[in-house]
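The values are calculated or read from the model by the stated rules, or taken from the named source; none is laboratory data. Just so you know, these numbers come straight off a predicted model, no measurement behind them. As a convention, Cβ positions derive from the backbone with ideal geometry for all residues, glycine included, and neighbour counts pool all protein chains shown.
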Amino acid sequence: MGEAFEQKVLELTKHGEMKKAACLKSLDNTILPSYVKRIQQNDRSVMKELILPKWVTWELLFDWAASKESASAKRCALCEELQEVGIDFNNKFVCDQCFLKMKNMQ
Ligand SMILES: [Zn+2]
């Protein structure tokens, strides 16, 4: 996660587009956590509310938000939602709800 975003920053820097690169790096300070959450939830209406340059694509923003997952929240391997409660199962994070479902199936 965050690779496409990092790549873009590098690419812009290489091409001397320092303003654009700085703009991407400043997303951390300009986008509120509540928006980050909505971006992570794939809520594209955020794009209309945030005033971003046209060249900032949804994919870029989504990748950026994905890299900002809070330390406590992990993406469940089954439902692919960000969850805070769950267990590591076969080296994969499985949220509580999915784990319960699995248990009930056995
Ligand atoms: Zn799950």
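Worth a mention:
- For region 89-103, a residue qualifies if it is in a helix (DSSP H, G or I), at pLDDT below 90 and over 9 Å from residue 78 (Cβ atoms), and exactly one does: 103.
- Within region 25-68, tally of residues that are of a type in the set (S, T, N, Q), outside any helix (DSSP H, G or I) and more than 26 Å from residue 13 (Cβ to Cβ): 3
- Residue match in region 69-81 (condition: touching a residue at least 60 places away in the same chain (Cβ under 8 Å) and either outside the structural domain of residue 10 (by TED's automatic domain parsing) or not hydrophobic (A, V, I, L, M, F, W, C) (or both)): yes
- Residue match in region 36-52 (condition: aliphatic (A, V, I, L, M), modelled with pLDDT under 95 and within 16 Å of the ligand (Cβ to nearest atom)): no
- The residues of region 71-84 that are surrounded by 12 or more Cβ atoms within 10 Å (Cβ to Cβ), part of a loop (DSSP other than H, G, I, E, B) and touching an Asp or Glu at 6+ places or on another chain (Cβ under 8 Å) amount to a single one, 73.
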